[in-house]
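The values are calculated or read from the model by the stated rules, or taken from the named source; none is laboratory data. Keep in mind the model is a prediction, meaning the values are calculated, not measured. Here the Cβ positions follow ideal geometry from the backbone for every residue, glycine too, while neighbour counts run over all protein chains shown.
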Amino acid sequence: MNIRRLRDLLQAAVELELSTIPPYLCAQYSLRPEANDTARLIIRSVVVEEMLHMILAANVLNAIGGEPRVTGHAHVPRYPHELPDGVVLDLLPFGPEAVEGFLRVENPQSSHQGPGPGHPLLAGRRPAVHQASATTLAQGPTTIGAFYAEIIEGLEKAAATMGEQALFCGDPARQLTREYYYAGGGTPLPVTDLESARAALTEIVDQGEGDPGSMYDKDGDLGHYYRFQQLKFGRSYRSSDHAGTPTGAKVDIDWTAVYPMIANPRGGDYADPELRAASDAANRTWSELLRQLEAAFNGSPQELLAAVPTMFRLRDHALVLLANPLPGGGGGHAGPTFEWAQDR
């Protein structure tokens with residue numbers, strides 16, 4: 001495998017991790033403030049780790065001389081968004097359908113099924129599906145775990161062919177470390193060689209699907225799939241539980257304490273000038289966040305710290321939208337669209 005293909009695959013991995021964040025944020029933001037505290041914490045913990053996964057993929061790409069990109073129409077995900085395993089990510093409010101979809105995202109080999117295009121929640125709300133770049137780059141349909149396995153195998157072959165030192169030719173100063181990221185849920189691993197690259201990519205998979213032999217990652221945290229199972233079953237996992245049968249404390253879920261956001265909103269849905277202005281403001285903030293992340297990945301790591309208050313501003317914009325019923329929308333509320341805003 002040549003280094004150009006490896007860089008393309010790792011860029012696709014960065015975009016893949018980014019694409020999971022808006023659907024999780026939509027579910028988190030749609031929770032009304034008076035209930036579902038545990039669900040909010042669970043979803044937030046996954047968002048934090050998906051951000052970490054994006055950083056880890058960017059670190060590996062930087063280590064082999066690439067330039068991670070997350071801005072512009074070529075790199076910013078659009079929804080609905082299809083992953084390389086055929087799973088489609090929709091922007092949905094928190095609910096059983098969203099949770100089933102999250103379970104499918106985190107472990108596509110499971111039996112869980114998110115809502116299909118014929119589901120009432122998606123009636124008329126699933127336009128043309130945008131494909132992840134990993135879908136076209138992977139060697140046929142693949143799970144996310146298998147996609148990362150292909151990258152690891154490619155790195156091993158390239159290191160054997162061209163030499164490890166020649167492969168890992170990136171500037172070590174571009175590595176993001178714990179100095180710039182301390183949100184919990186793991187630590188960015190600086191990548192300088194094959195061993196550290198393998199460890200970074202394995203961490204991504206283990207935190208998501210979980211180790212096939214354990215529900216917990218090496219840090220003792222539940223994999224994302226099992227965290228979301230707690231929302232489905234309304235029970236937390238005990239350390240002694242078997243997968244699929246949580247028996248711990250009850251997780252109080254109120255499926256009704258949610259803003260009924262329309263599925264896959266678009267800026268064009270908002271004919272009301274004030275709603276459209278609120279949507280545009282949210283998209284400008286989303287785009288600012290992406291610019292900060294891209295700068296952090298490409299030699300300005302302090303921009304990762306600057307991105308934290310931007311995330312809070314994004315949440316505030318989203319809550320303005322979610323609190324507003326759409327005129328003539330049959331009870332549906334507005335929501336964030338996560339569209340790229342070209343202008344600053």
Can you confirm whether residue 299 is of a type outside the set (A, V, I, L, M, F, W, C), part of a helix (DSSP H, G or I) and over 21 Å from residue 313 (Cβ atoms)? no
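Quick one: which residue in 326, 293 is aliphatic (A, V, I, L, M) and farther than 29 Å from residue 227 by Cβ?
Values: 293 fails: farther than 29 Å from residue 227 by Cβ.
After ruling out the rest, the residue left standing is 326.
Check 196, 287 and return the single one that is in a helix (DSSP H, G or I), surrounded by fewer than 20 Cβ atoms within 10 Å (Cβ to Cβ) and at pLDDT 95 or above.
Values: 287 fails: surrounded by fewer than 20 Cβ atoms within 10 Å (Cβ to Cβ).
Going through 196, 287 in turn, the sole match is 196.
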Subset of the stretch 6-39, residues assigned to a helix (DSSP H, G or I) and among the acidic types (Asp, Glu), comes to 8, 15, 17, 37
Cβ-Cβ under 6 Å, sequence separation 6+ or interchain: first residue in the stretch 321-343 and under 28 Å from residue 74 (Cα atoms), partner assigned to a loop (DSSP other than H, G, I, E, B) and of a type in the set (A, V, I, L, M, F, W, C). Which pairs? 321/334; 334/326; 340/76
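Determine which member of the set 271, 278 is part of a helix (DSSP H, G or I) and in contact (Cβ under 8 Å) with a residue 12 or more places away in the chain. Explain how you work it out, then say what you get.
Values: 271 fails: part of a helix (DSSP H, G or I).
Answer to the check: 278.
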Quick one: what pairs do we get from the stretch 191-216, first residue on the phi > 0 side of the Ramachandran plot, second modelled with pLDDT of 80 or more and among the acidic types (Asp, Glu), C-beta under 9 Å, 6+ apart or different chains? 210/106
Residues satisfying the stated conditions in the stretch 251-265, i.e. in contact with a helix residue (DSSP H, G or I) (Cβ under 8 Å, 6 or more places away or on another chain) and charged (D, E, K, R): 252
